[in-house]
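Data first, discussion second: the structure below is written as structure tokens.
The values are calculated or read from the model by the stated rules, or taken from the named source; none is laboratory data. Please read all numbers here as calculations on a predicted model, not as lab measurements. With ideal geometry, Cβ positions are generated from the backbone for all residues, glycine too; neighbour counts draw on all protein chains shown. Side chains included, ligands, DNA and RNA excluded: accessible areas come from the protein's heavy atoms. Shrake-Rupley method; radii C 1.70, N 1.55, O 1.52, S 1.80 Å.
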Amino acid sequence: MFAGKKILVGVTGGIAAYKAAEVVSRLRKLNIEVHVAMTKSAAEFIAPLTLQSLSANPVYVDLFDEPKLWNVEHIALAEHVDAVIVAPATANILAKMATGIADDFLSTVLLATRAPIYAAPAMNHAMYHHPATQENLTRLKERGIKIIGPGTGFQACGTEGDGRMSEAVEIVETITQLFSKSECLKGKRALVTAGGTQEPLDPVRYLGNRSSGRMGYAVAQALQEAGAETILVSAPTDLPAPHGVSRMSVQTALEMYDAVLANFPNMDVIVKAAAVADYRPATRAEQKIKKDGTNRTIELVPNPDILAELGRRKTSQVLIGFAAETENLLVNAQEKMHRKNVNLLVANDVTKPGAGFGSPTNTVSFLFPDGRRIDFPQMSKLEVARNLVGEIANLLGDCNKGVK
Ligand code: CTP
């Protein structure tokens, strides 16, 4: 089932480094191609030869002493693998990952790769609870890096507490879940809208909103990770297009309407995360509007509701809407879900701290037309997106077991 998959196991210098041998061995038993990169201190804890024998591949330790397999090997390896797992992940590598330091082979690959990254922290419990480590972990989670564990129990330093590396079996199960998920949407076509539309008043001004586009971009990334061919119809944002996603840039609600409707018949999944202006100025001045000291009134005319139009035209497509509310969240969201005929509505109260516009995190509920509701705690937008993709796979009925 996992044949053809490629994983890089990054081993850093902690007492749990010996458990990396079991991680490598378990992955190999699943027919996964395993590469290993170790830090110099990890090589003090476990011999590279052990991991080389178990992985059946050369082990990378020093940036300037790379095994000669590819050109510019750290970059080639970064692009070659489907996932990276750092196990054990010391406080030091977590700090380097959080700040983008790349001063050895492993940290350089971690900066260069676009593959999903997992980290299994392992350290003394005081180091784990230090605010610096906790802040680094929060930053990494916000960026979509999946943290596995740590567990609690007896520690090598003789104390008890959090900080033990999760067991190899748990680490391998988490990664293989990702691979099962990535099969789920293979062959499916998805369209995501993101960002806030801009409605011009004159050549230099527009009516806009506070959407950063982050939620929609995270959804596009998660769909692409899950194997769907993904188009992102994006209103202006500062964000780079996620790797492997094709982006169509639009400015106004009418341009977004045209782009979405043109692609709609070929799509299996549509996620409308964009904040679309409900109104636009009735006229657009040819020249910059000059001030004259008097009051001004701008006449607005309604824009089409793109999602509602898709809800009317929908045949077999899975249609996902968002509802950004500032009051009566669930009542308003339920009403939108039925009015727009969507299969799932992601509801969020944008007034909550750590949720909504501009924030890297979100706190959402998924509502379904059959009355089901899933409430999530605050998490990174990429984690919300991956949960959403799990539900999309379930709605498409492609993954028998479902994915979460
Ligand atoms: N939406 C859309 N076209 C519009 C307005 C909204 O496609 N002209 C979509 C959004 O992309 C989102 C959902 O409808 O998926 C809900 O958007 P929201 O702004 O929360 O709701 P509105 O329908 O605009 O209702 P209201 O402004 O009254 O809350």
Inset, instruction - Run Leu345 past the list (1) more than 17 Å from Val192 (Cα to Cα); (2) at pLDDT 95 or above and report the number of the one that doesn't hold. - result: (1)
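Can you tell me which residue among Gln251, Gln177 is over 17 Å from the mean Cα position of the chain (by Cα) and open to solvent by 30 Å² or more (accessible area, probe 1.4 Å)?
Testing whether each residue is over 17 Å from the mean Cα position of the chain (by Cα) and open to solvent by 30 Å² or more (accessible area, probe 1.4 Å) leaves just Gln251.
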Inset, instruction - Please find, among Val204, Val233, Val192, Val219, the residue that is on the phi < 0 side of the Ramachandran plot, in a helix (DSSP H, G or I) and either at pLDDT 90 or above or assigned by TED's automatic domain parsing to the domain that holds Gly358 (or both). - result: Val219
Inset, instruction - Taking Ser211 as meeting all but one of (1) open to solvent by 50 Å² or more (accessible area, probe 1.4 Å); (2) not in a helix (DSSP H, G or I), write down the number of the exception. - result: (1)
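If I ask for residues that are closer than 14 Å to Phe322 by Cβ and open to solvent by less than 30 Å² (accessible area, probe 1.4 Å), which ones from the range 214-228 would you list?
Listed by number, the residues that qualify are Met215, Gly216, Tyr217, Ala218, Val219, Ala220.
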Legend entry - Selection within the range 17-36 - assigned to a helix (DSSP H, G or I) and farther than 15 Å from Tyr118 by Cβ: Ala17, Tyr18, Ala21, Glu22, Ser25, Arg28, Lys29
Legend entry - Residues located in the range 258-273, provided they are near the ligand (Cβ under 10 Å from one of its atoms) and either hydroxyl-bearing (Ser, Thr, Tyr) or out of contact with any Leu (no Cβ under 9 Å at 6 or more places or on another chain) (or both): Ala273
Inset, instruction - Inspect the range 287-296 for any residue being open to solvent by 20 Å² or more (accessible area, probe 1.4 Å), away from the ligand (no atom under 13 Å from the Cβ), hydroxyl-bearing (Ser, Thr, Tyr) and at pLDDT below 95 and give the result as yes or no. - result: no
Inset, instruction - Can you confirm whether the range 236-246 contains a residue that is within 15 Å of the ligand (Cβ to nearest atom), assigned to a loop (DSSP other than H, G, I, E, B) and either within 21 Å of Ala323 (Cα to Cα) or open to solvent by 40 Å² or more (accessible area, probe 1.4 Å) (or both)? - result: yes
Legend entry - Condition met for Thr315 (assigned by TED's automatic domain parsing to the domain that holds Asn362, open to solvent by less than 50 Å² (accessible area, probe 1.4 Å) and hydroxyl-bearing (Ser, Thr, Tyr)): no
Inset, instruction - Please go through the range 324-336 and pick out each residue that is open to solvent by less than 40 Å² (accessible area, probe 1.4 Å) and either in contact (Cβ under 8 Å) with a residue 40 or more places away in the chain or in contact with a Leu (Cβ under 6 Å, 6 or more places away or on another chain) (or both). - result: Ala333
Legend entry - Pair list, Cβ < 6 Å and 6+ apart or interchain, from the range 51-73 residues that are buried (at least 16 other Cβ atoms within 10 Å of the Cβ) and acidic (Asp, Glu) to residues that are at pLDDT below 65 and in a loop (DSSP other than H, G, I, E, B): Glu73/Glu66
Inset, instruction - Report yes if some residue within the range 366-376 is within 15 Å of the ligand (Cβ to nearest atom), free of Cβ contacts under 8 Å to residues at least 40 places away in the same chain and either in the same structural domain as Lys141 (by TED's automatic domain parsing) or part of a strand (DSSP E or B) (or both); otherwise report no. - result: yes
Inset, instruction - Go through the range 106-124 residue by residue and tally those that are open to solvent by less than 60 Å² (accessible area, probe 1.4 Å) and either in a helix (DSSP H, G or I) or outside the structural domain of Ile171 (by TED's automatic domain parsing) (or both). - result: 6
